[in-house]
Amino acid sequence: MRVSRVKGKLTLLLVVVLFVFGMNQKVLAGGMFLDVDSDYWAKSEIEYLHSLEIINGYDSDKGTYFNPDHNVTRAQAAKMLVMAKGQKETSPSAQRYKDVPLNYWAAGWIEKAAQLGYFDGKDDGTFDPNGILTRAQMSKILANAFGLNIEASSDRPIVFSDIKPDFWASTFINSLYYNGITDGTVKEYRPQNYTTRAQFSVFLSRAKSERFKLAVEKNVLAKAKVTASTLNVRSAATSSASQLGRLNLGDIVKVYSINGYWAEIEYNSKKAYVHKTYLKLMNTSGSPLKNRIIVVDAGHGGRDSGATNGGIYEKSIVMDVTNLLVKKLEAAGAKVLKTRENDGEYPTLEERVEFAEDHYAELFLSIHVNASYSPAAKGTETYYNSTSNDNGTESFYLAREIQEQMINDLNTQDRGVKDAEWYVIKYQEIPAVLLELGFISNIEDLSKLTSSTSKEKYAEAIYKGIVSYYNKY
């Protein structure tokens, strides 16, 4: 009988153990929550945050539920954000928001989130702790909390069809996309929808851990051709950074961003940088001149009138053509700068070169008219420099395109493309040309140089030459 009783107890104990184990298996069948199945789309992220004690479930007599489709309140989001950033709640000494009393369950978390700049209150002095968080609002608090590069993202295309550039949260939403935190729903972000617990868990996990981030297709600003015989590839945007390798003349690379004179590329599957001076940037779509930085130098100016013929001055002719050209370039999306704005200004030759360098210019054009003691001398010529300018070959290509367009459109005598030592093109490191539109001392050329119709043609020809340059080679 005693043995029988022992066996009976062991059997009962085994039944109890199996019963309990079976219940746990039911609770954990899809993970740690009854309502998060093994194939639930946000399972990994939910369990990740639960392991860090950032989120909890809701206990019941059947087990623990997560309620993934329930909406997230502003108070809940404040607590989770503070915890995700490794911070702790604080004990507010005074009531910051009139609808958050000091004894409110999330008062310390809300106070800490406000101190850290994650959340803003309402204009009426409330926080609205039980208010439901929209997806647009969520984009702002995540971007603020995790220090996402909002300014850089604002320059990149918006991929969501339901987000317009003037929408108040467009830059925050863009920063989530380009940091691998969201890819929207069939390329819609749905900013006014409420944020569910599952969605917030996924967004928060991606913001916190590289493990969950989405692969982001980089935004290619332009393709670029290497114009130097060799071009050093650096690990950072500075000449003192370690060298990762070299590119060779004619190599084509993708450029993802530009900061000053440094262009971000990818080299051996790693982020890298090269000096923009030795790249010919070519847009992959739209206008070939969009975002190109072009300096236009109207020759002479101020006390230096340049070539003259009676009361006609070179400085005024080239200023007119420059202004017409600038309008055309800007209409095509170029960023254009002038070395002088009017006939009263006279920057020195050194200042004109430095002006281009200070503004990270990519092309430099100096516009002039010619003169001769012989009234028979006439025609159009374009100069470049190959002795000192590191981009002498590109300068030649640019000069050739502009010269050809001017001859075709103005029907002037072709005096050719010439290698010369003019200061403003010799001491540049970017493609640079000097144009002599015609001879102010020649009656035939003078009639064109002083004609508003011909000035328009000169500007158009130069513009077309620049476009042709970017479309070739």
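Here are the numbers for this structure:
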item: Length added when fully stretched, E351-L116, from 0.36 nm per residue minus Cα-Cα; result: 80.0 nm
item: Pair S372, T238: separation of 7 Å Cα→Cβ label points (nm); result: 5.4
item: Partner lysines for K271 [C-alpha distance under 20 Å; skip if fewer than 8 residues away on the same chain]; result: K213, K218, K223, K225, K254, K280
item: By accessible area with a 1.4 Å probe, ligands and nucleic acids excluded, highest first: order of V353, V159; result: V159, V353
item: Of (1) 144; (2) 228; (3) 157, the label for volume of the Cα convex hull per residue in Å³ derived from the coordinates; result: (2)
item: Low-density loop positions, trypsin sites (Lys or Arg not before Pro), segment 210-267 - DSSP coil, at most 10 other Cβ in 10 Å; result: none
item: In segment 155-226, chymotrypsin sites (Phe, Trp or Tyr not before Pro) in a DSSP loop with at most 15 other beta-carbon atoms within 10 Å; result: W168
item: Accessible area in the full protein assembly, largest first, 1.4 Å probe, for Y267, Y469; result: Y267, Y469
item: Exposure ranking of T182, T284 by accessible area [1.4 Å probe, largest first]; result: T284, T182
item: Only Lys, Arg (+1) and Asp, Glu (-1) charged, at Cβ; segment 303-397 dipole about Cα centre in debye; result: 460
item: K187-S91 pseudo-label distance in nm [points 7 Å out on the Cα-to-Cβ vector]; result: 5.5
item: Anisotropy class of segment 315-419 from Cα gyration tensor, a/c 1.5 cut; result: rounded
item: The chain, relative contact order [Cα under 8 Å, separation at least 6], %; result: 9
item: Cα→Cβ-extended label distance, 7 Å offset, between N103 and S51, nm; result: 4.0
item: Length released on extending from V216 to D414, taking residue separation times 0.36 nm less the Cα-Cα span; result: 66.1 nm
item: Fraction of accessible area attributable to carbon and sulfur, segment 175-304 (%, probe 1.4 Å); result: 43
item: Degrees between helix 392-410 axis and first principal axis of the chain (Cα, 0 to 90, nearest 10); result: 60
item: In segment 342-425, the GluC sites (Glu not before Pro) that fall in loop regions by DSSP, at most 11 other Cβ within 10 Å; result: E421
item: Segment 52-92 versus segment 373-424: alpha-carbon centroid distance in Å; result: 71
item: 1.4 Å probe accessible area per residue over the chain, in Å²; result: 49
item: Förster radius 30 Å - calculated FRET efficiency between E444 and N342 (Cβ-Cβ, nearest 0.05); result: 0.55
item: Computed [θ] at 222 nm, helices only, for the chain once each DSSP H run of length n ≥ 4 contributes -39500 (n - 2.57); result: -11500 deg cm²/dmol
item: Cross-link pairs K315/K418; K98/K122; K79/K122; K338/K455; K328/K455 - those with Cα-Cα distance over 20 Å; result: K315/K418
item: Potential lengthening between S38 and D166 on full extension [0.36 nm per residue; Cα-Cα distance subtracted]; result: 42.0 nm
item: Cut-off under 5 Å, modelled amide H: who pairs with K213 long-range; result: none
item: Reachable aspartates and glutamates from K187, criterion Cα separation under 14 angstrom, eight or more residues apart if same chain; result: D162, E217
item: For segment 421-434, Karplus couplings with θ = phi - 60° (6.51, -1.76, 1.60), whole Hz, Gly/Pro x; result: 9, 4, 3, 5, 9, 5, 9, 8, 10, 9, x, 9, 9, 10
item: With all protein chains modelled, accessible area of H275 [1.4 Å, Å²]; result: 50
item: Local electrostatic count at L289 - Lys and Arg +1, Asp and Glu -1, tallied over other residues with Cβ under 12 Å; result: +3
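The values are calculated or read from the model by the stated rules, or taken from the named source; none is laboratory data. These numbers were taken from a predicted model, which means no experiment stands behind them. Note: ideal-geometry Cβ built from the backbone for every residue, glycine included; neighbour counts use all protein chains shown. The protein model used for the area step is the full one, side chains on, heavy atoms only, and it has no ligands, DNA or RNA in it. Shrake-Rupley method; radii C 1.70, N 1.55, O 1.52, S 1.80 Å.
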